[in-house]
Amino acid sequence: MDRQARRVWRADAPGVTISVAKPLLPPASALLPYLERIDAARWYSNGGPLVREFEARLAKRLGVSEREIVLVSNATQGLALSLQAVDLPPGTLCMMPAWSFAASAHAAVLAGLVPYFVDVDEASWSLTPELAEHWLRRAPGRVGAVMPVAPFGRPLDGPAWERFRRENDCWVAIDAAAAFDGLRASECPSVVSLHATKLLGVGEGAFVVARDGALIDAIRTRANFGFLGNREAAMKATNAKLSEYAAAVGLAGLDRWDETRAAFARVANEYVRALDPVPNVQLQQGYGREWVSTTANVVLPEGRLEPLEDAFEEVGIGTRRWWGDGLAAHLAFVSSPRAPTPVTQRLAATVIGLPCWSDLPNEMIARVAEVVAEVCV
Ligand SMILES: Cc1ncc(COP(=O)(O)O)c(C=O)c1O
């Protein structure tokens, strides 16, 4: 088994005393009133009353109209649909940061595009419009779309990406999978995951939001077999709808969102406090101070990642290199074009995800920080 595969994260894995993640969705008692509504309505999917209510409540939170948001089955499908909606010729390049999760590239391939990997900005860990413009001019083919990624929930500059889209005549679909907390809606579609490991987890699910009702209509149609009010498939499409049961979990999750956010903010603030005295170790920029996430990532000094993993393993602390060596390293994408990615490679060799869950006790955070300090100072 390789080093990565050995890193455990399940709470019940043998020898683990502090797991890296321990998702907590609303309990059965909080779901019951919603489940009873499903029983009464006998409406289980296909844009039922709970899905519509969930969309309406999300729209209100994000300050958009109900026509500007659509729930889908997961973020991978949401991203693919956000790219497909503009009908780019097959084989067109979709630029994206190499520092991301496999789903970003899978979504481009699902949409008939070819991922084109470029590097990220060292401070923000993300592809900026300036970097995208630089690589647009040096691309090995026509770039029809860009998929910036909000790394681990750090929000992106929506207006800057709107400008990039206008000035470069290039489609932009934002992978905001983990960015529920910091998200600001823009004209460019943003896709937020509702996977169990995310802030507003429903199990499997996602939403796409854009200040562009026509675009969201198109995504809604393509998530429902391409049907336009009848049973005729009018375009290339799929089935990516969210069920009423998932919406029930989402509504119960919104009912307790303030507590969930406060719990993750407490964890983040505790990490900020505990790691502040450790020189050369930095939490991700903005984490805890500007936005919260279900992952707590730190940059270590060079050469300390594997020794820290070994030290954690010895004392039963789970960790994850959430994005491994980045997209360009995946076997599935070996034939995709790529620019040099030195920053991504440096991040892959120095960034590690620490234990992070809503009820992670402060003493455990202190213990994690102690081991980090022992290995890195
Ligand atoms: C950056 C990024 N994009 C996309 C996804 C895919 O989300 P989903 O599991 O909802 O398909 C994830 C999942 O963690 C992710 O981290």
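The values are calculated or read from the model by the stated rules, or taken from the named source; none is laboratory data. Please read all numbers here as calculations on a predicted model, not as lab measurements. Cβ placement follows ideal geometry from the backbone for every residue including glycine, while neighbour counts extend to all protein chains displayed.
Summed over region 166-185, the residues that are more than 16 Å from the ligand (Cβ to nearest atom), outside any strand (DSSP E or B) and over 19 Å from ARG67 (Cβ atoms) give a count of 5. Annotation note: Cβ proximity below 8 Å between a residue of region 98-125 that is more than 16 Å from TRP322 (Cβ to Cβ) and a residue that is of a type in the set (D, E, K, R) (sequence gap 6+ or interchain) occurs for ALA107/ASP175; TYR116/ARG338; PHE117/ARG338; VAL118/ARG338; GLU122/ARG346; SER124/ARG154. Here's a check for you: in region 1-24, which residue that is aliphatic (A, V, I, L, M) and surrounded by fewer than 16 Cβ atoms within 10 Å (Cβ to Cβ) is modelled with the highest pLDDT? So the residue we want is LEU24.
Among the numbered conditions (1) more than 14 Å from the ligand (Cβ to nearest atom); (2) buried (at least 22 other Cβ atoms within 10 Å of the Cβ); (3) assigned to a helix (DSSP H, G or I), the only one that CYS188 does not meet is (3). Checking each residue in region 146-162 for being surrounded by 24 or more Cβ atoms within 10 Å (Cβ to Cβ) and either assigned to a loop (DSSP other than H, G, I, E, B) or not assigned by TED's automatic domain parsing to the domain that holds ALA177 (or both) picks out MET147, PRO148, ALA150, LEU156. In region 231-241, of all residues being assigned to a loop (DSSP other than H, G, I, E, B) and of a type in the set (A, V, I, L, M), the one that is farthest from the ligand (Cβ to nearest atom) corresponds to ALA234. Scanning region 191-230 for residues that are within 12 Å of the ligand (Cβ to nearest atom) and either in a loop (DSSP other than H, G, I, E, B) or more than 30 Å from TRP357 (Cα to Cα) (or both) gives LEU194, ALA196, THR197, LYS198, LEU199, LEU200, GLY201, VAL202, GLU204, GLY205. Given the conditions (1) assigned to a helix (DSSP H, G or I); (2) within 24 Å of VAL202 (Cα to Cα), which single one is not true for SER100? Looking at each condition in turn, SER100 falls short on (1).
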